[in-house]
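Asks: After the structure tokens below, expect a handful of questions from me.
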Amino acid sequence: MRILKSNTLKFIFKLLVSITLLFLIFRFIGVNKVYNELLNANIYYMAAALFLAIFPIFFKAIRWRSIIQIFNKTITIKSSINYTLISIAFSIVTPGRLGEFIKAKYLVDSSNMRYIKSIVTVVIDKIFDIMTIVLLGLIGLSFLKEIEAFSSFFIYASVFYILVIILILIYFDKVLKLISYILSKKYKNSFEKFTLNRTFYIKGLLFSLLIWITLSTEAFFILKALNFLSPSFYVVISIVPLMALSSMLPISIGGMGVRELISIYFLSVIGIQAEKSVIFSLIYTLVSAGIPAIMGAILYIKGK
């Protein structure tokens, strides 16, 4: 009962934070301005963004399925897509997108995999995501001329980060041995049985890049739909990962409110009005997470 009460209070607090931030944002900007921007949106660019929304789900499902296979288990692509959609629905109402761990429960039920291994598949999945978010964020920020004072720092940080990724690939076997050495005896034997190799590492990174580049392209088309004539793709690549990271902060529901503040700040740096920034963030969230979450909720209810 105490845990249930604590979780309820946390949910209410995060909901209040999201509502308060969104209320203040809309009050400052004006609801009419946001509404007018929405009415004037280019429907063709919006349709292109909606079409692209299919692909990140598909790529995420394939990546997770390939991770499952290192444990000598497998699930169908259809099941992987369904569980991915359901996890997005749960992620909306949990901090740090911890709702994604619902996939572990479904994996146990469908493949008889042990819970600990099932959770590890989701952890590896998130590690690939975070690696790619940081990479694209650093690259995008290094191209932002509007923050010239920090651009050299981000260029050096990008080069260093890319070198780390390459070194992990070159010395992959030694990295695995180091991880095995650090692990306790309880988990060492299980870890050494995993079929981890360079091919798996490359595939994971490539699918992660496809996911986040596609999401950035969605965001690019949404900006075009809002009649901003020349949005830089580098700007979009830097903003989308930062919005994703803000969603992981455990202070709001699915990052609502916090994500909009991030969008307003970085888009204002390149001269985009606050009302366009807010409507961009809301539409992007709806396309990339809202619609998949609704589909996931339907699948979850249907399954129950």
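Asks: Name the residues in region 219-275 that are of a type in the set (Ser, Thr, Tyr) and at pLDDT below 65, would you?
Replies: Once the filter is applied, which keeps residues that are of a type in the set (Ser, Thr, Tyr) and at pLDDT below 65, region 219-275 yields Ser230, Ser252.
Asks: I need a count of the residues in region 211-228 that are under 13 Å from Ile272 (Cα atoms) and open to solvent by 10 Å² or more (accessible area, probe 1.4 Å).
Replies: Count: 3.
Asks: Based on what the data block shows, is Phe101 without any contact (Cβ under 8 Å) to a residue 24 or more places away in the chain, under 16 Å from Asp129 (Cα atoms) and part of a helix (DSSP H, G or I)?
Replies: Yes.
Asks: Moving on. Has region 182-193 got any residue that is open to solvent by 50 Å² or more (accessible area, probe 1.4 Å) and either modelled with pLDDT of 85 or more or among the acidic types (Asp, Glu) (or both)?
Replies: Yes, there is a match, as at least one residue in region 182-193 is open to solvent by 50 Å² or more (accessible area, probe 1.4 Å) and either modelled with pLDDT of 85 or more or among the acidic types (Asp, Glu) (or both).
Asks: Just to be sure before I move on: is Phe200 modelled with pLDDT of 85 or more and either open to solvent by 20 Å² or more (accessible area, probe 1.4 Å) or among the aromatic types (Phe, Trp, Tyr) (or both) in the structure I sent?
Replies: Working: modelled with pLDDT of 85 or more: yes; either open to solvent by 20 Å² or more (accessible area, probe 1.4 Å) or among the aromatic types (Phe, Trp, Tyr) (or both): yes.
Answer is yes for this residue.
A quick yes/no check of all residues on (1) in a helix (DSSP H, G or I); (2) open to solvent by less than 30 Å² (accessible area, probe 1.4 Å); (3) at pLDDT 85 or above:
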{"site": "Phe59", "(1), (2), (3)": "yes, no, yes"}
{"site": "Ile62", "(1), (2), (3)": "yes, no, yes"}
{"site": "Arg65", "(1), (2), (3)": "yes, no, yes"}
{"site": "Ile75", "(1), (2), (3)": "no, yes, yes"}
{"site": "Ile86", "(1), (2), (3)": "yes, yes, yes"}
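The values are calculated or read from the model by the stated rules, or taken from the named source; none is laboratory data. Every value quoted in this text rests on a predicted model; they were computed, and no experiment measured them. Quick reminder, even Gly has a Cβ in these numbers, built from the backbone with ideal geometry, and neighbours come from all protein chains shown. To get the accessible areas, we keep the full protein, side chains included, count just its heavy atoms, and leave off ligands, DNA and RNA. Shrake-Rupley method; radii C 1.70, N 1.55, O 1.52, S 1.80 Å.
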